[in-house]
1. Considering only residues of segment A:223-260 that are at the interface with another protein chain (Cβ under 9 Å from one of its Cβ atoms) and surrounded by 24 or more Cβ atoms within 10 Å (Cβ to Cβ), which is farthest from the chain's Cα centre (by Cα)?
2. How many of the residues in segment A:178-202 are outside any loop (DSSP other than H, G, I, E, B), under 23 Å from residue B:14 (Cα atoms) and in contact with a helix residue (DSSP H, G or I) (Cβ under 6 Å, 6 or more places away or on another chain)?
3. What are the pairs, 6+ residues apart or on separate chains, where a residue within segment B:31-44 that is within 7 Å of chain A (Cβ to nearest Cβ) has its Cβ under 8 Å from a residue that is surrounded by fewer than 20 Cβ atoms within 10 Å (Cβ to Cβ)?
4. Can you say whether residue A:206 is in a helix (DSSP H, G or I), at pLDDT below 95, facing chain B (nearest Cβ under 7 Å) and out of contact with any strand residue (DSSP E or B) (no Cβ under 6 Å at 6 or more places or on another chain), as far as the supplied structure shows?
5. Can you tell me which residue is nearest to residue A:518 (Cα to Cα) among those in segment A:180-190 that are more than 7 Å from chain B (Cβ to nearest Cβ) and surrounded by fewer than 23 Cβ atoms within 10 Å (Cβ to Cβ)?
6. Within segment B:45-59, track down each residue that is more than 7 Å from every other protein chain (Cβ to nearest Cβ), touching a residue at least 60 places away in the same chain (Cβ under 8 Å) and within 29 Å of the chain's Cα centre (by Cα).
7. So residue B:73 fits all but one of (1) surrounded by fewer than 20 Cβ atoms within 10 Å (Cβ to Cβ); (2) under 27 Å from the mean Cα position of the chain (by Cα); (3) within 14 Å of chain A (Cβ to nearest Cβ); (4) touching a residue at least 24 places away in the same chain (Cβ under 8 Å); what number is the exception?
8. Checking residue B:199 against (1) touching a residue at least 40 places away in the same chain (Cβ under 8 Å); (2) within 20 Å of residue B:90 (Cα to Cα): exactly one of these is not met. Which one?
């Protein structure tokens with residue numbers, strides 16, 4: 001693409017100042033990615049501490065109090081500081097590019113969304129240095145336990161409120177961007193599927209996150225101002241916390257997975273050389289998951305005895321239907337395709353297979369009687385990790401390998417990428433599959449110590465081994481990243497023969513994103529540009 | 001820019017206005033969470049106000065779970081009136097009448113401040129605190145967060161009034177006035193709901 005060299009004149013801002021003051025969606029997207037991957041590492045180290053403690057029976061590696069803080073902060077970092085904002089990072093970089101816009105609708109609000117994150121992260125982790133330690137009531141912060149812990153809990157509450165604010169205004173920004181700034185010719189049903197998943201995610205964030213803010217405010221008032229919201233002595237209701245918390249936190253699991261499904265649905269068609277099978281069905285399934293997501297929160301509360309079991313059990317089965325539709329979308333895309341296996345494709349296929357297991361073992365617990373047996377056991381821990389690690393984290397790496405050439409103009413080494421995938425896939429299944437058996441055998445979640453006589457030692461040791469294999473799998477990834485940065489930016493605009501508009505501009509894109517846009521007459525404008533309009 | 005203009009032609013609303021409406025939607029959900037807590041507390045209580053939950057010590061201290069309806073009723077009238085005056089201001093600037101808009105903003109600003117003063121005075125007259133049973137907790141949380149939003153709206157109106165005095169608005173360009181008015185209506189509607197559930201369905 002022809003570029004005109006404009007001589008740099010006048011004041012040049014120092015690079016640091018430039019990054020701090022930027023309102024460019026691409027730079028903010030990169031900042032999001034750096035921030036979230038940093039907390040992925042922090043959360044991962046905490047996970048290794050958890051697994052080391054649980055490796056053998058009667059372990060004394062860390063004390064009970066420290067263990068409570070570690071598993072609470074592991075989940076808090078992974079959910080609030082990694083998975084949820086990492087999608088905002090990918091979304092920031094690629095939503096404007098995929099819809100052919102020059103930036104987000106509100107660039108300065110976009111910068112605000114990002115800059116709320118570092119103070120929140122610091123606030124949450126500063127709990128480790130205050131009296132009483134970091135938050136230790138689990139990421140779910142159930143009352144009355146969450147009323148009884150130290151000041152680290154208050155810091156956690158304020159941090160999560162800040163993160164929620166970031167998430168809410170970011171959601172409004174994404175919605176306006178996608179509703180109003182699409183390129184000429186891009187109707188809603190020609191919008192790339194990643195954008196669709198970001199759209200539904202943004203709607204969930206916009207409507208669910210404020211309810212979490214309300215819940216956290218109530219908890220803060222109870223803890224600090226003598227409030228009685230969750231205290232039955234004063235007429236409050238303990239289960240109220242669970243209701244308002246899960247009203248956000250169940251839709252939040254779709255906030256954490258939908259954009260990942262979007263990335264996988266970008267990657268599979270490109271490397272199968274076929275359009276996504278059932279584009280509209282996929283869109284409607286995404287909307288269906290978003291809508292049903294608001295009616296299943298009480299399946300976390302079956303055993304409280306205060307929710308309508310048949311309704312929430314039925315709705316939870318129902319939400320498996322649009323999820324199943326998506327599995328068929330992906331299989332149908334692969335069917336008869338001309339499939340190649342570069343690293344992003346491997347991670348995408350890893351996602352489909354692991355997320356399928358996560359969906360199936362989740363449906364187990366939708367059955368009320370089964371849930372009564374499995375509630376608060378390691379089976380649930382296995383389920384959430386098959387969805388959030390086997391699902392979301394595999395999708396994060398699919399996205400990183402797929403879009404790395406676009407963001408940084410360099411490709412990650414394929415051999416290292418494949419080694420990374422193989423180690424992570426093996427380590428993941430070693431770490432989390434045994435948890436199914438441990439859960440069925442009755443091992444409760446969140447315990448720091450178990451006795452020799454339980455017989456849980458062997459499976460826990462396997463699980464711990466798997467956790468360390470996952471950690472080792474990050475080494476080839478880091479080498480690939482460092483190696484890539486030592487090489488020149490040699491990637492063409494479209495190294496993968498992609499379908500969507502981000503591949504129509506140079507790698508990395510110029511500040512203004514596009515010098516010109518190809519016509520948009522389908523959901524695959526670049527395929528049309530390569531093969532002519534008659535190719536459909 | 002072409003994409004932006006292309007989109008703007010489809011409907012009359014600007015991106016900023018759409019974003020603002022989405023922000024208000026999130027505010028509705030926030031208050032929805034707090035209202036839900038209130039309704040659950042009322043459904044759980046044997047009677048409302050839950051006097052039975054008061055300890056002998058609290059009764060001896062003079063805690064009374066009672067609300068006086070007269071002043072809040074007047075406040076409700078003031079807030080509804082201020083909603084009308086600010087909307088009148090918006091209609092004036094739509095016709096290009098800057099003086100009319102300024103009157104609308106001034107009066108609404110004054111009414112907003114009167115409402116806040118009345119609410120603070122009302123707080124001093126109550127015989128219960130936030131830690132006196134779920135009744136006090138929900139009352140102060142709901143009215144407190146509403147009051148904070150009124151204060152936010154007053155600041156919003158103050159900024160818009162200052163900009164109006166600087167002659168920044170015209171018949172074609174007055175989006176901030178409309179957004180401010182919309183926010184004020186939202187605050188008003190929340191108060192009408194609060195007044196109804198806290199004071200009327202007593």
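The values are calculated or read from the model by the stated rules, or taken from the named source; none is laboratory data. Please read these numbers as outputs of a predicted model, since none were measured by experiment. For neighbour counting, all protein chains shown are included, and Cβ atoms are generated from backbone atoms with ideal geometry for every residue, glycine included.
1. Per the stated criteria, the residue is A:235.
2. 9
3. Taking only residues 6 or more apart or on different chains, the pairs are B:34/B:145.
4. No; evaluated as a whole, the condition is false for this residue.
5. Selected residue: A:185.
6. Hits for segment B:45-59 are B:48, B:49.
7. (3)
8. It fails just one condition, (2).
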